[in-house]
Amino acid sequence: MLSLVLRFSGHQSFALRNTWLTKGVLASAQNPRIFSEPDALVILGVGKNMVESIRYWCQATQMVEDVPGTRGACQPSPWGQCFFCGDAAWDPYIEDAGTLWFVHWLLATNRACAGTTDCGLNALHASAHRRQGPDLPRRQGGVRAVGGERRRSGGGVGGARMEAGRRV
């Protein structure tokens with residue numbers, strides 16, 4: 001029987017940032033133990049928790065893999081080498097939409113390292129996402145019903161608007 005150990009943490013509450021895959025893959029190509037080195041903070045230009053998060057996201061997206069027979073060492077995976085390493089790298093700064101899609105697919109299919117993503121995107125089905133509870137304001141086409149009025153959402157984060165110090 002095949003057992004699978006799921007991993008639901010490791011990102012240190014940081015979402016994947018734009019340049020982290022590039023930094024992580026190139027740094028692990030130069031030094032397989034970069035993520036456990038004391039000067040990794042300086043080399044990668046981030047904080048301590050971010051170093052752990054970069055390693056997690058590089059592993060979750062399958063851009064780096066553990067070096068067999070060692071503890072704590074990583075090397076670029078074949079995909080990581082193709083996308084980020086050398087003069088013939090396909091897309092080292094993830095500028096192409098196809099690269100972004102492919103990295104997303106690698107993340108969504110990595111059940112062992114990105115268990116929450118796999119569960120949210122692959123295991124839950126539309127029938128499980130039913131609205132229950134009180135009737136909540138509905139949002140359609142950038143217009144939101146608030147207090148019986150229809151107001152155009154805009155400005156602010158996520159389309160939220162602030163009036164008189166409160167979110168509407």
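The values are calculated or read from the model by the stated rules, or taken from the named source; none is laboratory data. The structure displayed is predicted, hence computed values, not measured ones. Note that each Cβ is placed from the backbone with ideal geometry, even for glycine, and that neighbours are counted across all protein chains shown.
When both residues are 6+ apart or on different chains and their Cβ atoms are under 7 Å apart, which pairs have a first residue that lies in the stretch 20-38 and is touching a residue at least 40 places away in the same chain (Cβ under 8 Å), and a second that is outside any loop (DSSP other than H, G, I, E, B) and polar (S, T, N, Q)?
Close Cβ pairs (under 7 Å, with a partner that is outside any loop (DSSP other than H, G, I, E, B) and polar (S, T, N, Q)) amount to 28/75; 32/75; 34/28.
Taking the conditions exactly as written (under 18 Å from the mean Cα position of the chain (by Cα) and at pLDDT 90 or above), does residue 16 satisfy them or not? Please lay out each step first, then the result.
Values: under 18 Å from the mean Cα position of the chain (by Cα): yes; at pLDDT 90 or above: no.
Answer is no for this residue.
Pairs needed: first member in the stretch 84-99, surrounded by 12 or more Cβ atoms within 10 Å (Cβ to Cβ); second member anywhere, part of a loop (DSSP other than H, G, I, E, B) and among the polar types (S, T, N, Q); C-beta distance under 8 Å; at least 6 residues apart or different chains.
Hits for this filter: 93/19; 94/18.
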